[in-house]
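**Q** Just passing along the structure, written as structure tokens.
The values are calculated or read from the model by the stated rules, or taken from the named source; none is laboratory data. In this text, all values refer to a predicted model and were calculated from it rather than measured experimentally. Here Cβ is always computed from backbone atoms with ideal geometry, including for glycine, and neighbour counts include all displayed protein chains.
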Amino acid sequence: MVHTYKIIGSLESLLSYLKDAETGVRGYFVVNDPVSGTIQQQFKRMDSVFSDVRVLTVSSTGQQKSLDTLNRLNSAKAWIL
């Protein structure tokens, strides 16, 4: 049960970092605010959490596939910076 809560907590962190990065990107484009360093930090944090969740879900092929899809979609957003 503790294992499940670790995964849920990590995914909640990931979602928070993703929202922060998206907000930063919108701000960058709307007001040309050069905060791309902060946005890049969010993407680095997300990479770290992806790695943590990958380790936590190593025994579940389905979760690993879902994580791969999520990571691929997230990586597609990073190209704009």
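**Q** Among the residues of the range 36-59, count how many are at pLDDT below 85, loosely packed, with under 14 Cβ neighbours inside 10 Å and over 16 Å from Leu73 (Cα atoms).
**A** 2
**Q** Find the residue count for the range 37-66, including only residues that are hydrophobic (A, V, I, L, M, F, W, C) and closer than 11 Å to Leu14 by Cα.
**A** Within the range 37-66, the subset hydrophobic (A, V, I, L, M, F, W, C) is 39, 43, 46, 49-50, 53, 55-56, 58.
Those still in the list that are closer than 11 Å to Leu14 by Cα too: 43, 46, 49-50, 53.
Selection size over the range 37-66: 5.
**Q** Can you tell me which residue is nearest to Tyr5 (Cα to Cα) among those in the range 17-26 that are of a type outside the set (Val, Ile, Thr) and exposed (fewer than 15 other Cβ atoms within 10 Å of the Cβ)? Talk me through it step by step, then tell me what you get.
**A** From the range 17-26, those of a type outside the set (Val, Ile, Thr) are 17-22, 24, 26; that's our starting set.
Now restrict to residues that are exposed (fewer than 15 other Cβ atoms within 10 Å of the Cβ): 19, 22, 26.
Numbers: Lys19: 21, Glu22: 26, Arg26: 32 Å.
So the residue we want is Lys19.
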